[in-house]
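Below: one structure, written as structure tokens.
The values are calculated or read from the model by the stated rules, or taken from the named source; none is laboratory data. Since the model is a prediction, treat every value here as computed from it, not as a measurement. No Cβ is skipped: glycine too gets one built from the backbone with ideal geometry, and neighbour counts run over all protein chains shown.
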């Protein structure tokens, strides 16, 4: 007798929840085990689902957004905290993150701090991508959508070209620190910082423009 697979879907958008349900059911019809699905549309409802599983079979698969409409509970305040709670409560569950935010820093933070088995950007979400995700998970593999892989690949390539000091310069400028004041935060002279800024601009192919252009390009490339 095939065992039942328990799934939890947490997303504030009913459309995303319904899309996941349809693909899961289609996946099950191809000879996979029986599936039971619970859905939650907020952090609070998600916490209720966690509590309801204390004395019953734990979830095998969790699909969750990581950004929710402004919501405060007595326990948690952010989607990151909520997903961390999910992992803590169901450590053996496979975790799929659906994210509506696709900037480099958020993606890297999600992978570093949450370490999901799958990360998919909602803007590119299709039934085929979800199906490919579930197929990979069934084979005990990780699955990142194309946009996530693109950002990670770009980051790896860039890390070979910009060292930690250059990254600190970019981060300082992005926080509004003026170039002449960067030497108070980085152990370099003003002239050395200026030379590094010029090299970064050359690396970014920036021929004109001030710090705003530099930071815009750094964000586009996923540095900050």
**Asked** Within the stretch 200-218, restricting attention to residues that are surrounded by fewer than 15 Cβ atoms within 10 Å (Cβ to Cβ) and within 15 Å of residue 173 (Cα to Cα), which residue is nearest to the chain's Cα centre (by Cα)?
**Response** 216
**Prompt:** For the stretch 165-180, does any single residue satisfy the condition of being out of contact with any helix residue (DSSP H, G or I) (no Cβ under 8 Å at 6 or more places or on another chain), in the same structural domain as residue 84 (by TED's automatic domain parsing) and surrounded by 16 or more Cβ atoms within 10 Å (Cβ to Cβ)?
**Reply:** no
**Complete set of residues in the stretch 47-70 that are surrounded by 11 or more Cβ atoms within 10 Å (Cβ to Cβ), under 16 Å from residue 81 (Cα atoms) and touching a residue at least 24 places away in the same chain (Cβ under 8 Å)** = 47, 49, 50, 62, 63, 64, 65, 66, 67, 68
**Fill in**
Note: among 152, 162, 130, just one is at pLDDT 90 or above and surrounded by 15 or more Cβ atoms within 10 Å (Cβ to Cβ), namely 130
**Complete:** Reported set for the stretch 177-202 where residues are within 14 Å of residue 165 (Cβ to Cβ), part of a loop (DSSP other than H, G, I, E, B) and free of Cβ contacts under 8 Å to residues at least 12 places away in the same chain is 187, 189
